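What follows is one structure encoded as structure tokens, with my remarks underneath.
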Amino acid sequence: MISSSTAQGLPSPGYSPSSRVSSVTFNQGFRTLWGPQHQILDQGSLTIWLDKSSGSGFKSLQPYQSGYFGAAMKLQPGYTAGVITSFYLSNSEDHPGNHDEIDIEFLGTTPDKPYTLQTNVYIRGSGDGNIIGREQKIHLWFDPTQDYHNYAILWTSTDIIFFVDDVPIRRYQRKSEATFPTRPMWVYGSIWDASSWATENGRYKADYSYQPFVGRYRNFKLGGCTANGPGSCRPPSASPSGSGSLSQQQVMAMNWVQRNYLVYDYCHDPKRDHTQTPEC
């Protein structure tokens, strides 16, 4: 467990992008995509679950060209190895085998270990069967099973910034056309069995004696420019200046998270072929 004294060291980012985006109800922004019998919507909170028969997922009503996309999530405690609880952007249905994706994924865990939050970016996917992920993994400065916390992706023409409770945890910059997603994407959430890789590279699998595995979502945010919207649309700003870049205070908070809680960064993985990730 993370001590409260560590969490108290978190510098305030000084700005909350989430406060600039109004919440939408599930039905205003999303629809059930699969596993409808594994979803319950109750007073604005969506509960989805995985058992031996099925997982469940949902999808936004519209595709987006850019924007701020978030949800408050609460994770299941106990044994959740092999189970992924996610909130992400993708165009995999439009471009199978050649898609873009921006992920927030919680990798299930065993009771003695903290949850891992994995962020990832794919560009023009896996057409040749060669999926190039750009994973970063962090542990959190709180227990995500105890309460709802806000998780968000801000995607603009120059940056992808991941936020946890308005604290930027990762910034992925557009350094070239080839390493940045530019095609419209939909917003998804899901819970599913990824036993082959999710927990310690597949060492621990989903154990259905602990089913159902539950993910809870509420406070949905879709502050975006839709794919067919006006060209003049601009996504919300990451920082108080209104520019795309983070403020000095936000950068300090992000650096604190990376210094204290980063557990994996693809750019620093000696087993990776970095000719495929020139941004490193």
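The values are calculated or read from the model by the stated rules, or taken from the named source; none is laboratory data. Quick caveat: nothing in here was measured; it's all calculated off a predicted structure. For neighbour counting, all protein chains shown are included, and Cβ atoms are generated from backbone atoms with ideal geometry for every residue, glycine included. All accessible areas refer to the heavy atoms of the entire protein, side chains included, with ligands and DNA or RNA removed. Shrake-Rupley method; radii C 1.70, N 1.55, O 1.52, S 1.80 Å.
For the reader, a short list of remarks on this structure follows.
- Placing a pseudo-label 7 Å from each Cα along the Cα-to-Cβ vector at S12 and D112 gives an inter-label distance of 4.0 nm.
- Solvent exposure of the chain, expressed per residue, is 45 Å² of accessible area, with all protein chains present and a 1.4 angstrom probe.
- T145 versus I40: modelled label distance in nm, points set 7 Å from Cα along the beta carbon direction: 2.0 nm
- When the pairs K137/K271; K205/K271; K52/K137; K59/K137; K74/K137 are compared against a 21 Å limit on Cα-Cα distance, K205/K271; K52/K137; K59/K137 fall above it.
- Segment A178-N228, length gained on full extension (0.36 nm per residue, minus Cα span): 15.7 nm
- Accessible surface of the chain, 1.4 Å probe, proportion on carbon and sulfur as whole %: 48 percent
- Label-point separation in nm, V263 to L61, each point 7 Å along Cα→Cβ: 3.8 nm
- Legend: Rg and Dmax of region 56-169, from Cα coordinates, 14.6, 41 Å.
- Local electrostatic count at A206 - Lys and Arg +1, Asp and Glu -1, tallied over other residues with Cβ under 11 Å: -1
- Helical mean residue ellipticity (222 nm; -39500 (n - 2.57) per DSSP H run of 4+; nearest 500) of the chain: -2000 deg cm²/dmol
- P(r) tail, the chain: Cα-Cα pairs separated by more than 34 Å, 14% of all pairs.
- Left without a cysteine partner by the 4.7 Å Cβ rule in the chain: not a single residue.
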